[in-house]
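Participant: Below are the C-alpha coordinates for one structure; questions will follow.
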Amino acid sequence: MSPENRWGAEPGDLLDVIRRSPAPPYESPDHPSSEDEGAATIEEDLAVTVTKERDALLNELAQGLRPMPEGIEWFDGLAPEEQTRTPRFPAHHRVQARALAEDGPEGISRAGLPPTHTPAVLIARGRIDRQPGKIACLAPLAEHRKAFRLLISVLAIADGRRRERYCSGGCGHWWHGLSVARQPGTAL
(Lines give C-alpha, C1' and ligand atoms only; values in the text may rest on other atoms or scores of the structure.)
Protein backbone atom coordinates (compact mmCIF):
# COMPACT_ATOMS: atom_id res chain seq x y z
CA MET A 1 0.00 0.00 0.00
CA SER A 2 1.42 3.37 -0.93
CA PRO A 3 2.23 5.88 1.87
CA GLU A 4 -0.35 8.37 0.63
CA ASN A 5 -3.11 5.79 1.00
CA ARG A 6 -1.93 4.25 4.26
CA TRP A 7 -3.54 7.10 6.18
CA GLY A 8 -6.29 7.83 3.69
CA ALA A 9 -4.87 11.09 2.38
CA GLU A 10 -3.31 12.47 -0.77
CA PRO A 11 0.33 13.69 -0.60
CA GLY A 12 -0.69 17.35 -0.27
CA ASP A 13 -2.83 16.43 2.70
CA LEU A 14 -0.22 14.35 4.50
CA LEU A 15 1.06 17.17 6.68
CA ASP A 16 -2.51 17.94 7.72
CA VAL A 17 -2.91 14.30 8.75
CA ILE A 18 0.28 14.57 10.80
CA ARG A 19 -0.91 17.71 12.54
CA ARG A 20 -4.33 16.25 13.37
CA SER A 21 -3.13 12.82 14.50
CA PRO A 22 -1.10 11.75 17.47
CA ALA A 23 2.19 10.47 16.15
CA PRO A 24 3.23 7.55 18.33
CA PRO A 25 5.88 5.22 16.95
CA TYR A 26 4.36 2.52 14.78
CA GLU A 27 5.41 -0.85 13.54
CA SER A 28 5.76 -1.84 9.92
CA PRO A 29 7.89 -4.36 8.06
CA ASP A 30 10.06 -1.51 6.83
CA HIS A 31 10.79 0.02 10.23
CA PRO A 32 11.99 -1.24 13.59
CA SER A 33 9.39 -1.84 16.27
CA SER A 34 8.46 1.04 18.55
CA GLU A 35 10.55 -0.52 21.30
CA ASP A 36 13.72 -0.14 19.21
CA GLU A 37 15.71 3.02 19.73
CA GLY A 38 15.60 3.84 15.99
CA ALA A 39 11.84 3.41 15.59
CA ALA A 40 10.29 5.77 13.06
CA THR A 41 7.19 7.77 13.76
CA ILE A 42 4.40 8.41 11.30
CA GLU A 43 5.58 12.01 11.16
CA GLU A 44 9.15 11.02 10.23
CA ASP A 45 7.95 8.56 7.60
CA LEU A 46 5.61 11.10 6.03
CA ALA A 47 8.25 13.82 6.12
CA VAL A 48 10.57 11.57 4.10
CA THR A 49 7.77 10.76 1.65
CA VAL A 50 6.78 14.40 1.22
CA THR A 51 10.43 15.45 0.79
CA LYS A 52 11.12 12.82 -1.86
CA GLU A 53 7.90 13.69 -3.70
CA ARG A 54 8.83 17.39 -3.66
CA ASP A 55 12.39 16.75 -4.80
CA ALA A 56 11.19 14.44 -7.58
CA LEU A 57 8.72 17.07 -8.78
CA LEU A 58 11.36 19.83 -8.73
CA ASN A 59 13.76 17.65 -10.72
CA GLU A 60 11.03 16.65 -13.18
CA LEU A 61 10.36 20.35 -13.78
CA ALA A 62 14.07 21.08 -14.21
CA GLN A 63 14.51 18.16 -16.63
CA GLY A 64 11.48 19.15 -18.69
CA LEU A 65 9.60 15.98 -17.75
CA ARG A 66 6.79 18.14 -16.41
CA PRO A 67 5.73 21.45 -17.96
CA MET A 68 6.34 24.58 -15.92
CA PRO A 69 2.61 25.49 -15.86
CA GLU A 70 2.05 22.25 -13.95
CA GLY A 71 4.81 23.24 -11.53
CA ILE A 72 3.30 26.69 -11.06
CA GLU A 73 -0.12 25.12 -10.41
CA TRP A 74 1.47 22.86 -7.78
CA PHE A 75 3.31 25.82 -6.24
CA ASP A 76 0.17 27.99 -6.17
CA GLY A 77 -1.64 25.17 -4.36
CA LEU A 78 0.82 25.24 -1.47
CA ALA A 79 0.01 27.00 1.77
CA PRO A 80 1.66 30.45 2.10
CA GLU A 81 4.26 29.16 4.58
CA GLU A 82 5.17 26.35 2.16
CA GLN A 83 5.42 28.86 -0.71
CA THR A 84 7.89 30.77 1.45
CA ARG A 85 10.04 27.66 2.02
CA THR A 86 9.79 25.95 -1.37
CA PRO A 87 12.15 28.22 -3.41
CA ARG A 88 14.95 27.24 -1.03
CA PHE A 89 14.95 23.69 -2.35
CA PRO A 90 15.80 24.40 -6.01
CA ALA A 91 18.33 26.94 -4.69
CA HIS A 92 19.98 24.14 -2.72
CA HIS A 93 19.81 21.69 -5.65
CA ARG A 94 21.42 24.36 -7.84
CA VAL A 95 24.46 24.32 -5.54
CA GLN A 96 24.77 20.57 -6.00
CA ALA A 97 24.47 20.98 -9.78
CA ARG A 98 27.31 23.56 -9.76
CA ALA A 99 25.59 26.57 -11.31
CA LEU A 100 27.83 29.11 -13.02
CA ALA A 101 27.51 32.90 -13.31
CA GLU A 102 26.37 32.64 -16.93
CA ASP A 103 23.45 30.44 -15.86
CA GLY A 104 21.77 33.50 -14.29
CA PRO A 105 20.99 35.47 -17.46
CA GLU A 106 19.98 32.33 -19.35
CA GLY A 107 17.76 31.32 -16.41
CA ILE A 108 16.05 34.71 -16.51
CA SER A 109 15.28 34.20 -20.19
CA ARG A 110 14.03 30.62 -19.72
CA ALA A 111 11.85 31.65 -16.78
CA GLY A 112 10.25 34.37 -18.90
CA LEU A 113 10.93 37.04 -16.31
CA PRO A 114 11.54 40.65 -17.24
CA PRO A 115 15.12 41.58 -16.29
CA THR A 116 13.77 44.32 -14.01
CA HIS A 117 11.95 41.94 -11.63
CA THR A 118 13.67 41.55 -8.28
CA PRO A 119 14.77 37.88 -8.62
CA ALA A 120 16.19 38.61 -12.09
CA VAL A 121 18.07 41.69 -10.86
CA LEU A 122 19.53 39.74 -7.94
CA ILE A 123 20.77 36.80 -9.97
CA ALA A 124 22.20 38.98 -12.75
CA ARG A 125 24.11 41.34 -10.49
CA GLY A 126 25.48 39.24 -7.69
CA ARG A 127 27.64 36.21 -7.15
CA ILE A 128 25.89 33.06 -8.33
CA ASP A 129 26.94 31.22 -5.19
CA ARG A 130 25.16 33.73 -2.91
CA GLN A 131 22.25 35.16 -4.83
CA PRO A 132 19.92 32.14 -5.05
CA GLY A 133 19.71 32.02 -1.27
CA LYS A 134 18.67 35.68 -1.25
CA ILE A 135 16.19 35.05 -4.06
CA ALA A 136 14.68 32.10 -2.20
CA CYS A 137 14.07 34.30 0.86
CA LEU A 138 12.44 37.21 -0.92
CA ALA A 139 9.37 38.82 0.58
CA PRO A 140 6.54 39.60 -0.12
CA LEU A 141 4.72 36.43 -1.08
CA ALA A 142 4.19 37.77 -4.62
CA GLU A 143 7.93 37.38 -5.27
CA HIS A 144 7.95 33.68 -4.37
CA ARG A 145 6.36 32.52 -7.62
CA LYS A 146 8.92 34.48 -9.67
CA ALA A 147 11.74 33.15 -7.49
CA PHE A 148 10.45 29.59 -7.94
CA ARG A 149 10.33 29.91 -11.74
CA LEU A 150 13.80 31.46 -11.90
CA LEU A 151 15.46 28.98 -9.56
CA ILE A 152 13.94 26.00 -11.41
CA SER A 153 15.27 27.47 -14.67
CA VAL A 154 18.77 27.94 -13.25
CA LEU A 155 18.66 24.41 -11.81
CA ALA A 156 17.63 23.11 -15.25
CA ILE A 157 20.63 24.74 -16.91
CA ALA A 158 23.18 23.68 -14.29
CA ASP A 159 21.85 20.14 -13.92
CA GLY A 160 21.62 19.70 -17.69
CA ARG A 161 25.29 20.61 -17.97
CA ARG A 162 26.15 18.30 -15.09
CA ARG A 163 24.27 15.36 -16.65
CA GLU A 164 25.99 15.98 -19.98
CA ARG A 165 29.52 16.33 -18.58
CA TYR A 166 29.59 13.99 -15.62
CA CYS A 167 26.63 11.62 -15.81
CA SER A 168 26.25 10.81 -19.51
CA GLY A 169 27.74 7.36 -19.00
CA GLY A 170 25.49 6.67 -16.03
CA CYS A 171 25.50 7.81 -12.44
CA GLY A 172 24.02 7.02 -9.07
CA HIS A 173 21.86 10.16 -8.81
CA TRP A 174 18.28 8.92 -8.42
CA TRP A 175 16.93 12.15 -9.93
CA HIS A 176 18.79 11.47 -13.17
CA GLY A 177 16.81 8.25 -13.51
CA LEU A 178 13.50 10.08 -13.77
CA SER A 179 12.38 9.42 -17.32
CA VAL A 180 8.61 9.62 -17.39
CA ALA A 181 6.46 12.22 -15.67
CA ARG A 182 4.74 10.53 -12.75
CA GLN A 183 1.30 11.31 -11.52
CA PRO A 184 1.57 13.11 -8.18
CA GLY A 185 1.42 10.59 -5.37
CA THR A 186 2.73 7.63 -7.36
CA ALA A 187 5.74 5.73 -6.16
CA LEU A 188 9.15 6.79 -7.38
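Participant: Using a 1.4 angstrom probe and counting only protein chains, how large is the accessible area of residue 57 in Å², to 10?
Facilitator: In the full protein context, residue 57 sits at about 20 Å².
Participant: A follow-up question, please. Note down the nm distance, to one decimal, between modelled labels 7 Å out along Cα→Cβ at residue 141 and at residue 117.
Facilitator: 1.8 nm
Participant: Return the carbon/sulfur percentage of the accessible area of segment 58-188, one whole number, probe 1.4 Å, all protein chains in place.
Facilitator: 54 percent
Participant: Given labels modelled 7 Å from the Cα in the Cβ direction, how far is it in nm from residue 52 to residue 168?
Facilitator: That separation, rounded to one decimal, is 3.1 nm.
Participant: Taking a 1.4 Å probe, which of 163, 85, 110 shows the most accessible area, and what order do the others take after it?
Facilitator: Most to least solvent-accessible, the answer reads 110, 85, 163.
The values are calculated or read from the model by the stated rules, or taken from the named source; none is laboratory data. Please read all numbers here as calculations on a predicted model, not as lab measurements. We place every Cβ from the backbone using ideal geometry, glycine too, and count neighbours over all the protein chains shown. Accessible surface areas use protein heavy atoms only, side chains included; no ligands, DNA or RNA. Shrake-Rupley method; radii C 1.70, N 1.55, O 1.52, S 1.80 Å.
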